[in-house]
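The values are calculated or read from the model by the stated rules, or taken from the named source; none is laboratory data. Predicted, not measured: the structure shown is a model, and the values here were computed from it. Neighbour counts run over all protein chains shown; Cβ positions are idealised from the backbone, glycine included.
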Amino acid sequence: MTRPEPHWYALGNLGSNIFSQAFATYAIFFYIDHLRGPVGAITAALAVQSIWHAVLNPMIGQLSDRTRTKRGRRVPYIAVLSLPLGVIFVLMWHPLVSHSGLAWYFLVIVVLFDLTYLAVVLNWTSLFPEMFRTIQTRSRAQSPRQAIGIVALIIGVAVPPLLYGHFGWTAMGIILGSIGTAGFLLSLIGVKEASTLNISLRQSSPTNLRTSWHLIRTSQGFGQFLGTNFLVQLTLGIIPAVLPFYAKYVLHASHSMLSSLLASIFVVALIAVVPWTRWIRRKGSHHAILWAIGWLSLGVIPLIFAPNIFWALTGAILLGIGLAGFLVLADVLISEVIDQDAHQQGTRREGIFYGINGFILRLGVSIQALLLYVVLHFSGYYANSMGIAPPLTRLGFRALAGIVPLFLLLGAWFLIRNFNVPQSPAEWVESPEA
């Protein structure tokens, strides 16, 4: 019996990260700054999209867990919806309406984008704990997965200006959409669902969404994981959002220096993935997550006091080291929670676990926006090309870049330090033929 192929499976991260990062970074800029769409209506559509995204996560997870086909529970969604997702992504950057209809077009396109994106990504992600069953196989599979994921992050954030600057926005959408779609479809080469692997998945009667929320809320260790993941992911959302302001108004750095600062985080993370993978296999996931959060904490400290870009680069390097560890460990830890739940409940419910995790993480976007709004609105900030800012504004940016993340990370460290879910024993989850 063939095994899952982690290198093929990892290609799904091309679609996952390119689509999400390009949308998050450039969609509003494209519709408001480039197309001159109505600011209020476009931002209102984005608010609707945020709520839609949060609600969809657990709904799609529940639907996925209850799906039964000859191809498995997850594969049909990826196989059928990857191409429509790519087409919708392209149409996002090539509006088919006049200027007066931009706001409605944006609302419709982001609703369709979220529906297809979550259906593909949540099912692709849910395959990970099902296919890779021990700390050794999971950490080994995470190495190529996160390496490709970090490359995709760079493509989604750094490449679009080069593409739309030289070839236009439609061409950018076609190029990125083709890469992302190809990544999802090629990942299926490495996918072997549980039924294919002769792994017995004991069935229980289907549960509705409300019941699943209750069961998962009481699952051993899931609350610890959710809280920790939320705090770390909130940190990783705040820092990139504030760094452009921080670089301009605190460090008086150029755009190229800002690019170097952001790129250094991802490049270091890319280099550090393999050492982290080996260390996790040797020391275990529970020990390693504390070290990963510790490296992230060390990375934000220079941002509190940095007098120049070089100090900030030191922090970026430390952040990159911690980021690599966390990227590898996040799915390993939630997989252990899922294995424990399957051992106790008699059925595997990866989809609803990942769905609720996505719902909780989405709340962090609102908190991140609120924190940035408070600093910009109440500190005397005013936009200018010279990078001049009142002392209170500069202090606010330092707080968002360093102080707030440090407290969030300390909270995450204390929350996960006594993680009470055992590392998944092979006899729980693997058959002799797997």
Identity of the residue in the range 361-412, among the polar types (S, T, N, Q) and more than 24 Å from the chain's Cα centre (by Cα), that ends up nearest to Leu243 (Cα to Cα): Thr393
Filter result for Ser385 (loosely packed, with under 14 Cβ neighbours inside 10 Å, within 24 Å of Val121 (Cα to Cα) and not aliphatic (A, V, I, L, M)): no
Extreme residue, surrounded by the most Cβ atoms within 10 Å (Cβ to Cβ), among residues of the range 13-36 that are under 13 Å from the mean Cα position of the chain (by Cα) and either small (Gly, Ala, Ser) or not assigned by TED's automatic domain parsing to the domain that holds Ile155 (or both): Gly15
Residues of the range 237-261 satisfying the condition of being under 20 Å from Val328 (Cα atoms) and buried (at least 20 other Cβ atoms within 10 Å of the Cβ): Ile239
Tyr382, sole failed condition from (1) under 23 Å from Trp291 (Cβ atoms); (2) free of Cβ contacts under 8 Å to residues at least 12 places away in the same chain: (1)
Positions within the range 343-379 being under 30 Å from Trp295 (Cα atoms), in contact (Cβ under 8 Å) with a residue 60 or more places away in the chain and not hydrophobic (A, V, I, L, M, F, W, C), in sequence order: Glu350, Tyr354, Gly355, Asn357, Gly358, Arg362, Gly364, Ser366, Gln368
Filter result (of a type outside the set (Phe, Trp, Tyr) and in contact (Cβ under 8 Å) with a residue 40 or more places away in the chain) within the range 20-43: Ser20, Gln21, Ala22, Thr25, Ala27, His34, Leu35, Arg36, Gly37, Pro38, Ala41, Ile42
Test for Arg140: is it surrounded by fewer than 21 Cβ atoms within 10 Å (Cβ to Cβ), under 25 Å from Val273 (Cβ atoms) and either without any contact (Cβ under 8 Å) to a residue 12 or more places away in the chain or outside the structural domain of Trp279 (by TED's automatic domain parsing) (or both): yes
Count of the range 265-281 residues which are closer than 30 Å to Thr393 by Cα and modelled with pLDDT under 85: 1
Qualifying residue in the range 309-320 (condition: modelled with pLDDT of 90 or more, more than 29 Å from Arg145 (Cα to Cα) and either assigned to a helix (DSSP H, G or I) or not assigned by TED's automatic domain parsing to the domain that holds Thr228 (or both)): yes
Options Leu102, Leu83, Leu107; residue that is over 20 Å from the mean Cα position of the chain (by Cα), within 17 Å of Leu11 (Cβ to Cβ) and modelled with pLDDT of 85 or more: Leu83
Qualifying residue in the range 333-342 (condition: in contact with a helix residue (DSSP H, G or I) (Cβ under 7 Å, 6 or more places away or on another chain), free of Cβ contacts under 8 Å to residues at least 40 places away in the same chain and not small (Gly, Ala, Ser)): no
Whichever residue in the range 341-392 is in a loop (DSSP other than H, G, I, E, B) and modelled with pLDDT of 75 or more and, among such residues, is farthest from Gln224 (Cα to Cα): Met386
Positions within the range 279-293 being farther than 15 Å from Val421 by Cβ, buried (at least 16 other Cβ atoms within 10 Å of the Cβ) and not aromatic (Phe, Trp, Tyr), in sequence order: Ile280, Arg281, Ala292, Ile293
The range 12-43, subset of a type in the set (Val, Ile, Thr) and farther than 18 Å from Gly156 by Cβ, residue modelled with the lowest pLDDT: Val39
